[in-house]
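The values are calculated or read from the model by the stated rules, or taken from the named source; none is laboratory data. Since the structure is predicted, the reported quantities are computational estimates derived from the model, not experimental observations. So basically every Cβ, Gly included, is an ideal-geometry build from the backbone, and we count neighbours across all protein chains shown. For accessibility, only protein heavy atoms count, side chains too; no ligands or nucleic acids. Shrake-Rupley method; radii C 1.70, N 1.55, O 1.52, S 1.80 Å.
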Amino acid sequence: MSFSDKVLGFGAFANRGTPFEINQSLMFNDNDSAYLSRTPSSAGNRKTWTFSAWIKRSNLTSGSTYQQIFGTGNFHTGTSFGGLYIDLNDCLIAFDSPMGLARYSSMRLRDTAAWYHIVFAVDAANTAAHMYVNGVEVTSFSSNTGPNNVDGRVNNTTEHFLGKNDGTDSYFDGYMSEVHFVDGAKLAASAFGETNSATGQWVPKEVKSVTYGTNGFYLKFVDSYPGLV
């Protein structure tokens with residue numbers, strides 16, 4: 001599979017002193033409507049999947065627009081939506097309308113100098129969903145429903161986006177790096193990161209033994225092309 005890209009440049013991100021370093025990230029400038037998109041040719045597992053990414057925000061939400069990280073559909077227009085976004089209060093939200101999934105985190109991601117590791121994993125067949133920020137499972141939600149054991153919106157044959165919804169708003173403003181989407185498995189944050197024994201900081205690690213499934217992908221954002229590797 002491949003992504004068509006509308007991007008503006010690269011940033012730099014590295015965790016020094018650890019065996020695995022990230023040297024590149026992709027910059028999304030909301031003023032220039034930057035995003036990545038892809039439409040799967042066939043549906044994957046619409047009940048079980050995991051999304052993982054390191055993000056760094058450049059601007060907070062203005063009070064009038066959301067910032068979508070990953071998803072398909074349009075939450076604002078009432079069309080079926082599935083994915084992750086940051087709401088008007090700078091809280092992380094996971095939502096999939098067909099399966100009745102709604103995780104409205106009470107945590108506010110307001111440090112524009114920090115990198116956040118975001119993981120969301122769902123297994124609707126077992127009515128399970130888990131959200132992690134920097135390796136810690138989020139347990140405080142203003143709304144916490146689903147998932148029901150039905151097919152969701154994510155992994156269907158609709159256009160999927162990084163950095164916006166399927167309309168002309170909700171653009172993410174900042175950087176993303178080490179983006180993983182695993183089709184068919186619900187994984188914990190420990191599959192993608194670990195605690196540095198010297199600093200106690202949550203850092204990325206080399207991802208091994210992950211089967212990405214029908215529509216899964218790993219976006220490394222190397223210099224030559226911001227696509228799949």
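Determine the shape class of region 35-120: with a ≥ b ≥ c the square roots of the Cα gyration tensor eigenvalues, call it rounded for a/c under 1.5, and otherwise prolate if a/b is greater than b/c, oblate otherwise. Don't skip to the answer; put the middle values down first.
Values: a/c = 1.76, a/b = 1.51, b/c = 1.17.
Prolate is the answer for region 35-120, as a/c is 1.5 or above and a/b outweighs b/c.
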**Item:** Given the chain, longest segment not containing exposed loop GluC sites (Glu not before Pro) (DSSP; at most 16 other Cβ within 10 Å)
**Value:** 22-158
**Prompt:** Roughly how much of TYR85 is accessible, in Å² to the nearest 10, using a 1.4 Å probe?
**Reply:** 10 Å²
**Message:** Computing the accessible area with a 1.4 Å probe over protein heavy atoms, can you report the carbon and sulfur percentage for the chain?
**Reply:** 44 percent
**Asked** Which value, in Å², gives the accessible area per residue of the chain when a 1.4 Å probe is used on the protein heavy atoms?
**Response** 41 Å²
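Order these peptides, 23-29, 183-189, by their mean beta-carbon neighbour count within 10 angstrom, highest first.
On the way: 23-29: 20.4, 183-189: 18.7.
Highest to lowest by the protection proxy: 23-29, 183-189.
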**Item:** Share of alpha-carbon pairs per 5 Å distance bin for region 145-229, given as whole %
**Value:** 3, 10, 16, 19, 22, 17, 9, 3, 1
**Asked** Got a sec? What order do PHE141, PHE120 fall in by accessible area at 1.4 Å, biggest, i.e. largest, first?
**Response** PHE141, PHE120
**Message:** Cut-off 14 Å, label point 7 angstrom out along Cα-to-Cβ of ASN59: give me the residues of region 147-183 whose amide nitrogen falls inside.
**Reply:** 169-175
**Request:** For the chain, evaluate the Debye formula with one uniform point scatterer on each Cα (no solvent term) and list log10 I(q)/I(0) at q = 0.14 Å⁻¹, rounded to two decimals.
**Result:** -0.83
**For region 174-181, Karplus couplings with θ = phi - 60° (6.51, -1.76, 1.60), whole Hz, Gly/Pro x** = x, 10, 10, 8, 6, 8, 10, 10
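Work out the FRET efficiency for ASN149 and LEU88 from their Cβ-Cβ distance, taking R0 = 30 Å, and round it to the nearest 0.05.
Values: r = 31 Å, r/R0 = 1.04.
Computed FRET efficiency for ASN149 and LEU88: 0.45.
Need one word for region 102-194: rounded, prolate or oblate. Basis is the Cα gyration tensor (sqrt eigenvalues a ≥ b ≥ c); a/c below 1.5 gives rounded, then a/b vs b/c decides. Could the numbers behind the result be given before it?
Working: a/c = 1.41, a/b = 1.13, b/c = 1.25.
The shape class here is rounded.
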